[in-house]
Amino acid sequence: MDSVRNLVHGAGLGLRRSFLSEIVEQPPSDVGFYEVAPENWMTIGGKFGKQFRAMTERFAFVCHGLSLSIGSSDALDEQFVRDLKLFMREHGIRFYSEHLSYCSHGGHLYDLMPMPFTQDAVKHVAGRIRRVQDILEQRIAIENISYYAAPGQEMREIDFFNAVVSEADCDVLIDINNIYVNSVNHGYDA
Ligand SMILES: [Fe+2]
């Protein structure tokens, strides 16, 4: 895990289908690892599937998820987590992160919505993170998001984040830009 975690601090590249062919043929030499949204690749077969496989066989990959909706009050999509586990095993991907937010409420919202910074929300989301880690049989990392509003705020963002991480016993993916943006929008010391 540590070697992959260290790669995240190096030069990473988000892999998109639009430039996959180009990269498979001439992989850039200065890319330390590739980052993919697993949702975009889990169900891909055919030519793209083969090209993706050719890449994961040769290079280090990490998964940065977009649609788990870990903070939602909807039921956790455990089938997605099981499919993700298979996908990661198949491609030798050891690292998975998601956003501390939700993106569904009886249907997809296509945005990373801010969770209420409350003790109840800490319990709720930490339990779901633990469940995901149980299914995956590995730790996951949670990323701090930028937020436009803090509905029902009872605690500071930093205290909420720390409480979730400690109660869920998960890893952290820090988005420094989000911290800066939030500090400007919400007037705190980054
Ligand atoms: Fe992110």
| Taking all protein chains as present, what is the carbon and sulfur share of the accessible area of the chain, in % to the nearest whole number, probe 1.4 Å? | 50
| Mean ellipticity per residue at 222 nm, deg cm²/dmol - from DSSP H runs of n ≥ 4 across the chain, formula -39500 (n - 2.57) | -13000 deg cm²/dmol
| field | Net lengthening on full extension, ASN40/SER166 (0.36 nm per residue, minus Cα-Cα) | value | 42.4 nm
| message | Among the complete DSSP H segments of the chain, which ones combine at least 20 Å of alpha-carbon extent along their axis with a mean Kyte-Doolittle hydropathy of 1.6 or more? | response | none
| task | Please give, to one decimal in nm, the separation of the simple spin-label points placed at ASP30 and LYS47, each 7 Å out from Cα toward the Cβ. | result | 3.0
| request: Between the alpha-carbon centers of segment 121-190 and segment 31-76, tell me the distance in whole angstrom. | output: 22
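Highest mean first, how do 153-166, 18-31 rank when packing is the count of other Cβ atoms within 10 Å averaged over residues?
Descending packing order for the listed peptides: 153-166, 18-31.
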| task | Please report, largest first and rounded to whole Å, the three semi-axes of the ellipsoid equivalent to segment 2-186, where each semi-axis is the square root of five times an eigenvalue of the C-alpha gyration tensor. | result | 30, 18, 15
| note | Note on the chain, DSSP bridge orientation, antiparallel percent to nearest 5 equals 10
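I need the calculated FRET efficiency for the pair ALA54 and GLU154, taking r as the beta carbon distance and R₀ as 45 Å, to the nearest 0.05.
Numbers: r = 50 Å, r/R0 = 1.10.
Between ALA54 and GLU154 the formula returns 0.35.
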| message | What's the ranking of 34-41, 109-116 by average number of surrounding C-beta atoms within 10 Å, highest first? | response | 34-41, 109-116
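The values are calculated or read from the model by the stated rules, or taken from the named source; none is laboratory data. Quantities reported herein were computed from a predicted structural model and do not represent experimental measurements. Glycine gets a Cβ as well: all are built from the backbone with ideal geometry, and neighbour counts include every protein chain shown. For the accessible areas, the whole protein counts, side chains as well, though only heavy atoms, and no ligand, DNA or RNA atoms are used. Shrake-Rupley method; radii C 1.70, N 1.55, O 1.52, S 1.80 Å.
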